[in-house]
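The next block holds one structure in the form of structure tokens; read it before the comments.
The values are calculated or read from the model by the stated rules, or taken from the named source; none is laboratory data. What you are looking at is a predicted structure, and each value in this text was computed from that prediction instead of being measured. When we count neighbours, we look across all protein chains shown, and the Cβ atoms used for this are built from the backbone with ideal geometry, even at glycine. For accessibility, only protein heavy atoms count, side chains too; no ligands or nucleic acids. Shrake-Rupley method; radii C 1.70, N 1.55, O 1.52, S 1.80 Å.
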Amino acid sequence: MSFRSSSLRRALVPFVAALALSATVASSSAAAAEACGSIITAPLAAPVSADAPCPSTDPVVCRIRVLPMDEKVEAQRTRISYHGLLEDMHRTAADMRNAGATDEEVARELVDMRNQAKAITRAGMTPEEVRILEERNTAKYGNPLGPTADQLYAKYGTWQQVIDASMRTSYAVDRELSLEYKPCPV
């Protein structure tokens, strides 16, 4: 091997490696930009002591913070399932729109679906977790599953805003479970 080909190889190897690395980074960035649904953003945080002050006003977040790790993992799985049900809602809304449904019809269907999703999701929770959620909703809305379509209409003033609200997820709860929810295109 000549000095010249050896020098050329030493110059080309880092260049080729840099190209490969940039292609990997670009494809990873593109995949991350296209990701939708439930996205795990970080490892779950270790449980904190029940005596530690909770920085959130949401009792659900405060409860998640103190869960043992195995229960936190299960709570994260449950939340991912809930996000899947929200995806069903997005598809239903699109289908209803394509069929000519009104904002009110879509909103009422989605509020019902969301409440059904809550009931399905809670089936995988402990009785204590369900009790906390139902007490909060009963105190706030007079209904253990949450607000009715009419209550949301009274709060927001338009059926489109009810539709938007019915497909939101709690950022604080998602964050506590190291998740981010991004609706998938329909």
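With the dipole of the range 78-124 worked out from charges on the C-beta (+1 for Lys and Arg, -1 for Asp and Glu) around the Cα centre, which of Met96, Ala119, Leu86 lies farthest toward the positive end?
Toward the positive end, the furthest listed residue is Ala119.
Rounded, prolate or oblate: which one fits the range 38-103, using the alpha carbon gyration tensor with axes a ≥ b ≥ c (rounded when a/c is under 1.5, else prolate when a/b beats b/c, else oblate)?
Here the range 38-103 falls in the prolate category.
If you take the beta carbon distance between Gln160 and Ile120 as r and set R0 to 30 Å, what does 1/(1 + (r/R0)^6) give as a FRET efficiency, to the nearest 0.05?
0.70
For the range 98-163, take N as its residue count and report Rg(C-alpha) divided by 2.2 N^0.38 Å.
1.24
Treat every Asp and Glu Cβ in the range 31-151 as -1 and every Lys and Arg Cβ as +1, leave all other atoms uncharged, and give the resulting dipole magnitude about the Cα centre to the nearest 20 debye.
Using only the charged Cβ atoms, the result is roughly 260 debye.
May I ask you to give the solvent-accessible area per residue for the range 81-186, in square angstrom, as obtained with a 1.4 angstrom probe?
53
Order 135-142, 81-88 from most to least packed using the mean count of other Cβ atoms within 10 Å.
Listed from highest to lowest mean packing, they are 81-88, 135-142.
Whose amide H sits under 5 Å from the amide H of Gly37, counting only residues 5 or more places off or on another chain, with H placed in the peptide plane?
Lys182, Cys184
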